[in-house]
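Undergrad: One structure, pasted below without further comment.
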Amino acid sequence: MQKNTITMKTDWTYNGQRFTPTDVGDYYGFVYRITNLTNGMDYIGRKYFKTVRKLNPLKGFKRKRKVSKETDWQEYWGSSNRLNDDIEKLGKENFKREIICLCETRGDTNYMEAKIQFDEEVLLNPENYNGIIAIKLGYGSVKNLSEKYVQSKQNML
């Protein structure tokens, strides 16, 4: 990851440094926190760097094709209506967007989002914008979850 300390409040940051498209590398997604700088309320969510769609096979072939496309992660501001209402009222400059952890697979991203949301008890905290924890994943999605993610969470505590 490049070391670029010049950031605008609305940029994504990771470990205190500005996070840019060149930093994405092979990561599939990330878990993030958006913090309201006027009142301290925050939101924890996840976003994928890319989406993968399956297309029908070409004529004469049997194997489906996969097409990968970059998401709108750079402009993304969360899916919470309460959060987005506050962003509209107060302006993006009053919010901080930070990446908590980078994930190598879709399953890792989903698992880490739910784990962090439960660890931080977001549904029990009135200072949090999260209103629901929605997750559907199985062992096959997370069996290769890297120890570095578990270790990074322990370092945060």
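Undergrad: Where the accessible area of the chain is counted over protein heavy atoms with a 1.4 Å probe, how much of it, in %, is carbon and sulfur?
TA: 48
Undergrad: What's the FRET efficiency of N125 with T38 using the Cβ-Cβ distance as r and R₀ = 25 Å, to the nearest 0.05?
TA: Rounded to the nearest 0.05, the efficiency is 0.90.
Undergrad: Taking the simple approach of a point 7 Å from Cα along Cα-to-Cβ for both K64 and D23, what is their distance in nm?
TA: For K64 paired with D23, the spin-label model returns 3.4 nm.
Undergrad: Suppose every K and R has +1 on its Cβ and every D and E has -1 on its Cβ; what is the size of the dipole of segment 100-145 about the Cα centre, in Debye to the nearest 20?
TA: Charge dipole, segment 100-145, about its Cα centre: 300 debye, nearest 20.
Undergrad: Using a simple charge model, +1 on the beta-carbon of Lys and Arg, -1 on the beta-carbon of Asp and Glu, nothing else, what dipole does the chain show about its Cα centre, in debye to the nearest 20?
TA: 1280
Undergrad: May I ask you to list the residues of segment 36-71 whose amide nitrogen lies under 14 Å from a point 7 Å from Cα along the Cα→beta-carbon direction of L137?
TA: Within reach of a label on L137: 45-49.
Undergrad: Residues of segment 26-157: accessible area per residue at 1.4 Å, in Å²?
TA: Value for segment 26-157: 64 Å² per residue.
Undergrad: Which is farthest toward the positive dipole end of the chain among I87, I99, T35, measuring Cα position about the Cα centre, with Cβ charges +1 (Lys, Arg) and -1 (Asp, Glu)?
TA: Positive-end residue among those listed: I99.
Undergrad: FRET efficiency for N15 and K54, Cβ-Cβ distance as r, R0 = 30 Å, nearest 0.05?
TA: It comes to 0.30.
Undergrad: Continuing with this model, one more query. Which GluC sites (Glu not before Pro) in segment 61-146 pass both tests, a DSSP loop state and at most 15 other beta-carbon atoms within 10 Å?
TA: When the GluC sites (Glu not before Pro) of segment 61-146 are filtered for loop state and at most 15 Cβ neighbours within 10 Å, E121, E127 remain.
Undergrad: Once every DSSP H run of n ≥ 4 in the chain is given -39500 (n - 2.57) and the sum is divided by its residues, what mean residue ellipticity at 222 nm do you get, rounded to the nearest 500 deg cm²/dmol?
TA: Estimated from H runs of four or more residues: -7000 deg cm²/dmol.
Undergrad: Okay, next question. Sort out the exposed loop trypsin sites (Lys or Arg not before Pro) in the chain (DSSP loop, at most 14 other Cβ within 10 Å) and tell me the longest stretch that has none.
TA: 65-135
Undergrad: For the chain, calculate the relative contact order in percent as a whole number, restricting contacts to Cα pairs under 8 Å that are 6 or more residues apart.
TA: Averaging sequence separation for qualifying contacts and normalising by length gives 27 percent for the chain.
The values are calculated or read from the model by the stated rules, or taken from the named source; none is laboratory data. It should be emphasised that the depicted structure is a prediction, and the values quoted were computed from it without experimental measurement. Don't worry about glycine lacking a Cβ; one is built from the backbone with ideal geometry, like all the others, and counts go over all protein chains shown. These area figures cover heavy atoms from the full protein model, side chains too; ligands, DNA and RNA do not enter into them. Shrake-Rupley method; radii C 1.70, N 1.55, O 1.52, S 1.80 Å.
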